[in-house]
1. Under a straight-distance cross-link criterion of Cα-Cα below 20 Å, which aspartates and glutamates are reachable from LYS55, leaving out those fewer than 8 residues away in the same chain?
2. What does the charge add up to near VAL183, with Lys and Arg as +1, Asp and Glu as -1, over the other residues with Cβ less than 15 Å from its Cβ?
3. Express the relative contact order of the chain as a whole percentage, based on alpha carbon pairs under 8 Å and six or more residues apart in sequence.
4. For region 176-231, just run the numbers: alpha carbon Rg, then divide by 2.2 N^0.38 Å, N being how many residues it has.
5. Beyond 21 Å, what share of the Cα-Cα pairs of the chain remains, rounded to the nearest whole percent?
6. Percent relative contact order of region 1-100, based on C-alpha pairs within less than 8 angstrom and at least six residues apart?
7. With the alpha-carbon atoms as the only input, what is the per residue convex hull volume for region 39-115 in Å³?
8. Once you've got the Cα coordinates, tell me which of LYS51/LYS76; LYS58/LYS167; LYS76/LYS159; LYS109/LYS167 are over 32 Å apart.
Amino acid sequence: MKNKVPILFIIISLIAFGVTYLSLDNIFYSLGIMAAYLLVGIFVFAPLISKYRIKVQKFHECYHFINNFIIALSIKKTISGSLETTVNSMPNEFIDLYEGLENMTDRDKISYLATYFPFHIYRLFTQIVDLFEEEGGDILKMSKYLISELRNNEEYINKADSLSSHKYVEIGILWGFCLVIVVILRFVLKDFYLSIKNQILFIASICGVMLFVLFSIYLLLLRGTNLKIKGGE
């Protein structure tokens with residue numbers, strides 16, 4: 001996804017250039033619209049998408065870490081053994097971070113990882129681990145509510161991600177049809193087009209439509225990347 005985003009912005013910007021040029025037959029306005037799409041894509045859309053993807057990835061990792069650790073702890077009964085088993089199942093980025101904590105105690109390592117997993121639900125997990133260390137008991141029963149919330153959030157994120165992808169496609173197709181119609185009208189109503197193509201109102205209308213499309217993309221991304229995780233950050 002990360003590598004595809006810049007390419008996607010370039011493609012969208014080129015499409016915006018093509019539609020504007022076919023509508024106005026003016027290279028300067030077309031380049032201006034393309035520049036607007038590129039700049040907004042790079043400085044607004046890219047950080048928005050990047051922040052969203054990082055948050056989703058971190059929560060997926062948090063889910064797997066907590067879930068695997070609790071299962072391991074229910075079997076091994078020790079923090080160190082459970083950590084070793086759990087860490088080996090995590091991504092390389094996490095393993096590299098963890099290996100840098102070799103001078104810490106196991107308990108301190110779990111606490112420090114709250115900087116990697118900036119979720120309230122992870123801090124709740126550390127409290128449960130503290131309680132288990134101090135009083136013992138059945139870790140599966142102690143973590144029943146926590147695991148339930150984790151799974152609910154994991155399902156919510158997966159569904160939200162899938163729904164957002166479908167919405168992006170639907171809105172893209174809708175706007176695609178609208179812009180194609182604008183271009184087609186130029187050739188169907190050629191005489192009328194020639195009479196108005198240099199009028200300020202027509203130029204402003206086409207540029208306004210293209211900028212409104214850009215704004216609608218922003219609103220769509222803003223909504224699609226707004227995750228409301230219960231027990232999250």
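Every read-out reported here was derived from the displayed coordinates using simple, explicitly stated rules and does not represent laboratory data. These numbers come from a predicted model, not from an experiment. Cβ: placed from backbone, ideal geometry, glycine included. Neighbour counts: every protein chain shown.
1. List returned: GLU93, ASP96, GLU149, GLU154, GLU155, ASP161, GLU233.
2. Taking every other residue near VAL183 into account, the sum is +2.
3. Numbers: 154 pairs, mean separation 67.3, N = 233.
That works out to 29 percent.
4. 1.70
5. Result for the distance tail: 65 percent.
6. 18 percent.
7. In region 39-115, the Cα hull volume divided by residue count equals 91 Å³.
8. Going by Cα-Cα distance, LYS51/LYS76; LYS76/LYS159; LYS109/LYS167 fall outside the 32 Å limit.
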